Amino acid sequence: MLQPMTPLARRLSALALVALVPLAAAAQETPAPRGWLLVGPLPEGETLNLRAEPSGDAPVVGALPEGALVVSAGERAVSSVPWLRIAQGELQGWAAERFLRPAPIRTLDDASFPVAGACGGFEPMWSLRWTEIEITYERLGEPAASRPVTRAIPAEGRLSALLEAGADPAERWLFRYEDEQCFEMPLDAPVWGRGTLVITEGGTTRWLTGCCRPAPEAIGAP
């Protein structure tokens, strides 16, 4: 049989609820974070549970270690504490927002362009890796090809900056990264980072679009 709560226990429980009210109120007043987030800080040896619903009583669908890179599309739910729906690849669920922080992405002069990363897309299937000095492109059934970056073109009226590989407009690659949600992948989970590669070779221009993510070396110190 459940024992009745003592006056002290009731008082401590009430104080705990009162302490959580400012967290929930602040969350309702500020926009939910969107983009790349890092897990942590967490208590030593702990992982962050992802739950099926925004509740501490909901089933656990996965767990992430401290420092894991995740995506938020800005979906928040507030109960006693604020929750965010986050994803890492196909794994997705709800996590307590207090255990997440913006990822410190190292960028080019354009504040939204990571210094290194990778992209992939379908129809046709292709992949790309980029750094500040080189772009490597590969298409299914073809050998990988690399070109040195000749310059980074500032946004200045465009949606984002461009990386140019090849100074001749008739023989060059242009790559654009957009810091926004990407819908190019066949996943139910949210994906962040959209890339466009424009290849001009031999008088022909091809446009390829896909989803991207920053490389580990682009994640700066918290």
Residues of the stretch 90-118 satisfying the condition of being under 30 Å from residue 43 (Cβ atoms) and assigned to a loop (DSSP other than H, G, I, E, B): 90, 103, 104, 106
What do you reckon, is residue 128 among the aliphatic types (A, V, I, L, M), free of Cβ contacts under 8 Å to residues at least 60 places away in the same chain and in contact with a Leu (Cβ under 7 Å, 6 or more places away or on another chain)? no
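Residues checked against (1) within 21 Å of residue 35 (Cβ to Cβ); (2) in a loop (DSSP other than H, G, I, E, B); (3) of a type in the set (Asp, Glu); (4) touching a strand residue (DSSP E or B) at 6+ places or on another chain (Cβ under 6 Å):
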position	(1), (2), (3), (4)
120	yes, no, no, yes
167	no, yes, no, no
170	no, yes, no, no
177	yes, no, no, yes
187	yes, yes, no, no
Only unsatisfied item for residue 71, checking (1) within 14 Å of residue 36 (Cβ to Cβ); (2) more than 18 Å from the chain's Cα centre (by Cα); (3) among the β-branched types (Val, Ile, Thr), is (2)
Scanning the stretch 134-163 for residues that are over 25 Å from residue 123 (Cβ atoms), under 25 Å from the mean Cα position of the chain (by Cα) and assigned to a strand (DSSP E or B), which turns out modelled with the lowest pLDDT? 153
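The values are calculated or read from the model by the stated rules, or taken from the named source; none is laboratory data. Because the structure is predicted, anything quoted here is derived from the model rather than measured. Heads up, the Cβs are rebuilt from the backbone with ideal geometry, glycines too, and the neighbour counts pull from every protein chain shown.
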